[in-house]
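What follows draws every value from the coordinates through simple rules; no lab data is involved. Because the structure is predicted, anything quoted here is derived from the model rather than measured.
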Amino acid sequence: MYNGKTVVYTSGTFDMFHSNHLKMIRYARGLGETLIVGVSTDELVSSYKRPPIIPFEERMAIIEALKYPDIVIPQHSLDHTDLVKKLNIDVFVVGDDWTGKYDYLRDLGVTVFYFPYGKGVSTTQIKKDIIANYEEIKSKIDHQPNPDIK
């Protein structure tokens, strides 16, 4: 708590921003008076999965443009121990694909919520859909007769 206000922190890559990202940020906003959103740097994301499609600066700008966050900061590490202490974080929200990963924050007095994304939209699925649609269109084009050849 800071100045009697509950401080909430949520974070993510927020690559190819979609409705589930927005739902998690909106949910986090409802848990306190101050919402800080961390955006993972390209270097951080690349340390545990493929690099983001959207560059870090653009992902930061997208999150900053939302009405829900009070503060948007770069996230350089998956270990949030120091961040929790420096920013007086009371509540931590992250997608349920990280379930269990941040339970250690509870030992620091932080309430941890794993937001249920549910089925449907995800950056991984969007990427798969783009590739599948591209392959399908390319296949149709490759199999069409060329009118210039006689």
- Item | Where the Cα pairs of region 7-117 fall when distances are cut into 10 Å bins, in % | 15, 51, 32, 2
- Item | Entries in Lys23/Lys85; Lys5/Lys86; Lys23/Lys67; Lys49/Lys101 that, when Cα-Cα distance is taken, lie over 21 Å | Lys23/Lys85
- Note on the structure: Amide H proximity to Gly38 below 5 Å, modelled H, separation 5+ or other chain, gives Thr10, Ser11, Gly12, Ile73
- Message: I'd like the Karplus ³J(HN,Hα) series for region 56-64: coefficients 6.51, -1.76, 1.60, θ = phi - 60°, whole numbers in Hz, and an x wherever there's a Gly or Pro.
- Response: 3, 4, 6, 5, 4, 4, 4, 5, 4
